[in-house]
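Working notes, structure below.
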Amino acid sequence: MRVQTTTELVRRAAGLAGPAGPTGADGPASRGSRRILGIAGPPGAGKSTLAARLAEALGPETAVVVPMDGFHLAQAELIRLGLADRKGAPDTFDAAGYVSLLHRLRASEGGTVYAPAFDRSLEQPIAGSIPVAPAVPLVITEGNYLLHEAGEWAAVRPLLDEAWYLAPDEDLRVRRLVDRHVRHGKEPAYAREWVDRSDEANARLIAPGRHRADLVLDTG
């Protein structure tokens with residue numbers, strides 16, 4: 001594992017968007033004209049930042065970011081299920097819905113596909129937020145559980161043409177997480193407790209999936 005520059009990663013993503021982009025080790029079983037790049041890693045690894053940088057460099061006609069976080073269950077449903085204190089764990093997402101969307105995106109036929117986004121200011125998913133036009137050749141999807149092998153999540157990896165796993169410095173990652181929670185309204189002490197109890201439990205759960213990635217990145 002070596003540190004790769006943003007330029008190198010943009011070049012790799014651009015190659016994936018081309019007509020003869022590579023196929024990941026696990027699939028996919030069938031190929032349409034659109035490719036899907038998955039960026040996985042533990043909470044706070046920098047997945048959304050990297051995905052945004054790639055999409056900006058490639059341009060909106062080439063790449064669109066579709067985050068896994070759009071499939072968070074709504075807060076009211078988490079409360080109904082008794083899962084609100086575990087928000088962010090694998091069973092607090094609509095994994096089957098995410099898999100269905102990936103199938104639609106891979107087909108790249110017909111009209112525009114609308115994907116949900118996650119609004120951190122509201123801590124809620126927002127349906128129909130991200131348009132993916134049929135001519136866009138690359139979807140970049142990012143999230144914690146793209147390489148997770150349990151339950152419905154196991155169906156995600158075969159739908160990715162390539163998967164990257166981000167492995168940042170652990171102390172830096174934890175500091176990022178605490179800072180992010182504070183920026184979005186948590187008190188510092190509660191933010192640290194949430195990271196230690198919830199985010200780090202999810203990070204340990206995610207770690208075994210890194211062997212399913214085509215590229216493991218040291219993000220510093």
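FYI, it's all coordinate maths here, none of it is from the lab. For clarity, every value in this text was computed on a predicted model and none was experimentally measured. Using ideal geometry, Cβ is built from the backbone for each residue, glycine included, and neighbour counts are taken over all protein chains shown.
Observations on the model:
- Residue among 115, 150, 57 with the largest mean-square fluctuation in a Gaussian network model of the chain, springs linking Cα atoms under 10 Å: 150
- Residues whose placed amide H lies under 5 Å from that of residue 129, excluding near-sequence neighbours: 115, 117
- Per-residue Cβ neighbour rank within 10 angstrom, fewest leading, 130, 206, 39, 79: 79, 130, 206, 39
- Label sites at residue 133 and residue 170, each approximated as a point 7 angstrom past Cα along Cα to Cβ, lie 4.6 nm apart.
- When both bridge partners sit in segment 34-171, DSSP labels roughly 35% of those beta bridges antiparallel.
- Dipole orientation for segment 6-217: of the candidates 163, 72, 7, 7 has the Cα lying most toward the positive pole (charges on Cβ; Lys, Arg +1; Asp, Glu -1).
- In a simple Cβ point-charge model (Lys, Arg +1; Asp, Glu -1; nothing else charged), segment 120-183 has a dipole of about 300 debye relative to its Cα centre.
- Cα lying deepest toward the dipole's positive end in segment 6-217, options 96, 16, 203, charges on Cβ: 16
- Take every Cα pair under 8 Å whose residues are at least 6 apart in sequence, average their separation, divide by the length of segment 6-217, and the relative contact order is 33 percent.
- About its Cα centre, the dipole of segment 62-220 is roughly 160 debye, where the only charges are +1 on Lys and Arg Cβ and -1 on Asp and Glu Cβ.
- Note on the chain: GNM, Cα springs under 10 Å; of 65, 139, 113, the largest mean-square fluctuation is that of 113.
- Sequentially through segment 172-185, phi angles give Karplus couplings (6.51, -1.76, 1.60; θ = phi - 60°) of 5, 4, 5, 4, 4, 5, 4, 4, 5, 5, 5, 4, 9, x Hz, Gly and Pro residues having no value and appearing as x.
- Label-point separation in nm, residue 121 to residue 78, each point 7 Å along Cα→Cβ: 1.9 nm
- Across 122, 205, 146, mean-square fluctuation computed from a Gaussian network of the chain (C-alpha pairs under 10 Å connected) peaks at 122.
- Segment 107-159-segment 81-95 distance, computed between alpha-carbon centres (Å): 18 Å
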